[in-house]
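Worksheet: the structure to be examined is printed underneath.
The values are calculated or read from the model by the stated rules, or taken from the named source; none is laboratory data. Predicted, not measured: the structure shown is a model, and the values here were computed from it. Methodologically, a virtual Cβ is constructed for each residue, glycine included, from the backbone with ideal geometry; neighbour enumeration extends over all protein chains shown. Heads up: the accessible areas ignore ligands, DNA and RNA and are worked out on the full protein's heavy atoms, side chains in. Shrake-Rupley method; radii C 1.70, N 1.55, O 1.52, S 1.80 Å.
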Amino acid sequence: MNSPKDPLKNTSDNMAYLLKSITLVFIAVSSFTATAQNVYNLNLESSIELAKSQNNRMLILQESLNRAAYDLKAATSSLRTNVSLHMTLPQYTETVRQWEDSLGISFYPVRQNFLSSNLIINQPLPTDGNLFIRSGVQNLVDYNADDRLAQITSSIGFRQPLSALYGYNSIRTAHKQAELAYEQSLKQLKREELNLVYEVSLTFYTLLSYFESLNISRLSLDRQQEASDIARSKFAAGLIREVESLQMEVDLGEALNNYDMAVFNYNSQLGLFKEYLGIDLRDSIVLQSDLTYVPVFVDVEKALEMALENRPELRENEIQIEIQEMEIRRRKAAGRISGDILFNYNFIGVDKTNLAIPLQTAYGNTWQNLMDRPGSFGVGLTINIPILDWGENRARVQSAEALLSQYTHIMDGNRVSIERDLRTTVDRLHNSLKRLKLLEKNILVAEKSFEISRDRYAGGDIDSQAMALERERLNTAYISRLESFITYKLMLSDLMRKTFYDFEKDMSVLDL
């Protein structure tokens with residue numbers, strides 16, 4: 001990369017006024033700033049940072065990223081031990097229930113009060129199973145029978161789905177999907193940041209263009225006023241005809257109208273610029289800009305490598321493919337043999353006493369019963385074997401595989417499109433730089449020609465029409481150079497958002 005170059009060297013005072021580092025101060029220039037609340041000192045970089053923090057679209061995307069981060073945290077936390085306490089405090093029941101046996105149907109009154117507390121400790125396993133411990137106490141008071149039924153239970157258990165061992169693991173899949181969703185949100189936020197950088201740059205330079213057009217219009221108005229004064233003096237001295245003096249007055253009126261239009265365009269763009277930054281339309285701005293530039297020669301192969309490595313569209317395609325592969329595994333597992341392995345070991349103590357017995361004694365008896373009663377256990381294996389579904393599951397799998405193939409073709413197409421677009425962008429950037437350098441030379445020629453024409457007009461060698469053409473040529477040279485400069489800077493910003501690489505600073509924007 002070449003060292004910075006000052007294209008303004010050896011230009012005239014007017015050129016220096018337009019193209020050197022300038023501070024554009026504008027307060028109370030439109031209705032937007034009638035009751036200013038804050039004053040912002042902004043260059044392009046600070047404008048971009050302000051937009052990132054206050055632009056409404058970026059705030060929405062930031063919340064989307066926050067939501068994805070919370071979902072990932074929840075998925076990660078679901079893999080850890082969780083503890084819960086279930087309590088019934090109390091459940092009173094007073095009703096009439098029905099009893100049916102071989103003697104017929106009878107009814108009996110019920111008046112009970114039930115209390116319970118159960119502590120559950122659950123540990124999910126990477127195999128999609130879980131290990132749990134449950135402990136609880138229960139107390140049932142039967143007022144009609146004047147009885148109290150107390151119970152203490154404790155058990156340890158294990159459950160393991162068979163399909164997770166050879167097919168689809170739901171807990172790992174959920175965590176992986178949360179990771180991918182977070183990465184995708186992060187990529188989207190970074191992409192929108194770069195889009196915002198480009199849009200703010202476009203708005204910034206457009207505002208600068210309108211302000212410079214305002215300056216050019218003012219300079220043109222001053223020059224036309226000077227020419228009109230000369231024409232009026234020459235007419236008074238009888239050196240030119242009245243029609244030529246009147247033509248100068250008409251040209252002066254046109255120059256004034258162009259200046260008024262430039263003021264209107266500037267004020268309109270100023271409001272749009274504030275909207276992009278997310279600041280109050282009544283606030284004031286002190287805009288600072290440097291119209292110098294650094295010539296950047298981009299290696300197209302490096303740009304292509306950065307784009308293919310960093311472009312979020314490609315990573316989003318890869319994420320779609322990963323998620324679809326998970327979906328295929330899930331659908332395949334749905335058509336295979338499935339089941340669960342279950343195991344639990346229990347300790348139970350019970351006691352039934354009269355309500356007159358103290359509660360402490362009742363639970364003392366219950367605990368002793370638990371200690372005297374041998375532990376019990378249960379083991380189970382449940383299996384579900386698909387036999388006939390008329391090809392339903394296979395069709396669903398094939399549908400998922402077709403979608404996977406579609407995503408793959410989309411990604412291949414995106415790669416080709418990105419490469420084509422990037423090569424075109426780099427070529428246009430280089431051509432824009434060449435044009436910018438050429439227009440800088442054109443300004444020097446136009447300024448020199450205008451100075452010569454002004455002296456010749458003052459000396460009576462040319463008429464007002466020739467002078468007007470020279471003035472228009474100089475204005476066109478100024479505007480063309482400014483437009484070329486803005487195009488060049490915007491193309492650098494466009495290249496940055498397409499590669500995630502800042503070629504001016506020679507660094508990845510992902511490192512920022």
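Quick notes on this one:
- Within the stretch 322-384, the percentage of alpha carbon pairs spaced more than 19 angstrom apart rounds to 62%.
- Coupling constants for the stretch 393-400 follow from the phi torsions by the Karplus curve (6.51 cos²θ - 1.76 cosθ + 1.60, θ = phi - 60°), and in residue order they are 5, 4, 5, 5, 5, 5, 5, 5 Hz; glycine and proline get x.
- Rounded Å value of the spacing that divides the Cα centres of the stretch 303-343 and the stretch 124-143: 35
- In this view, the solvent-accessible surface of residue 250, computed with a 1.4 Å probe and all protein chains in place, comes to about 90 Å².
- Checking every one of the trypsin sites (Lys or Arg not before Pro) in the stretch 242-339 against DSSP loop status and a limit of 15 other Cβ atoms within 10 Å picks out 282, 336.
- Residue 455 - accessible surface, heavy atoms, 1.4 Å probe, Å² rounded to 10: 110
- Student exercise, the stretch 46-167 dipole from Lys, Arg, Asp, Glu Cβ charges, in Debye to nearest 20: 600
- Length released on extending from residue 83 to residue 297, taking residue separation times 0.36 nm less the Cα-Cα span: 70.9 nm
- Relative to the longest principal axis of the Cα atoms of the chain, helix 312-334 runs at roughly 20 degrees.
- For the stretch 267-280, Karplus couplings with θ = phi - 60° (6.51, -1.76, 1.60), whole Hz, Gly/Pro x: 5, 5, 5, 4, x, 5, 4, 5, 4, 5, 6, x, 10, 5
- Euclidean distance of C-alpha centroids, the stretch 40-114 and the stretch 178-221, integer Å: 41
- With Cα atoms, 0 to 90° folded angle of helix 44-54 axis to the chain main axis: 30
- Amide H contacts of residue 351 (H built 1.01 Å from N, under 5 Å, at least 5 apart or other chain): 150
- Folded to 0 to 90 degrees: helix 359-372 orientation relative to the chain principal axis, Cα: 80
- Given 434/498; 190/302; 73/187; 52/176; 187/274, the pairs whose alpha carbons are separated by over 25 Å: 52/176; 187/274
- Hypothetical label at residue 381: residues of the stretch 304-338 whose amide nitrogen lies under 19 Å (7 Å Cα-Cβ projection): 336-338
- In this structure the amide hydrogen of residue 291, modeled in the peptide plane, comes within under 5 Å of the amide hydrogens of 21, 22, none closer than 5 places in sequence on its chain.
- Cut-off under 5 Å, modelled amide H: who pairs with residue 285 long-range: 26, 40
- Remark: the stretch 404-411, residue by residue, has Karplus-estimated 3J(HN,Hα) of 4, 4, 4, 4, 5, 5, 4, 5 Hz, where x stands for each Gly or Pro and the curve is 6.51 cos²θ - 1.76 cosθ + 1.60 at θ = phi - 60°.
- Figure note: 175, 409 ranked by solvent-accessible area, largest first, 1.4 Å probe, ligands and nucleic acids not counted: 409, 175.
- Put simply, the C-alpha atoms of the chain give a gyration tensor, and the ellipsoid matching it has half-axes of 84, 30, 19 Å, longest first.
- Most positive-pole-ward Cα, 377, 416, 400, against dipole of the stretch 365-512 from beta carbon charges: 416
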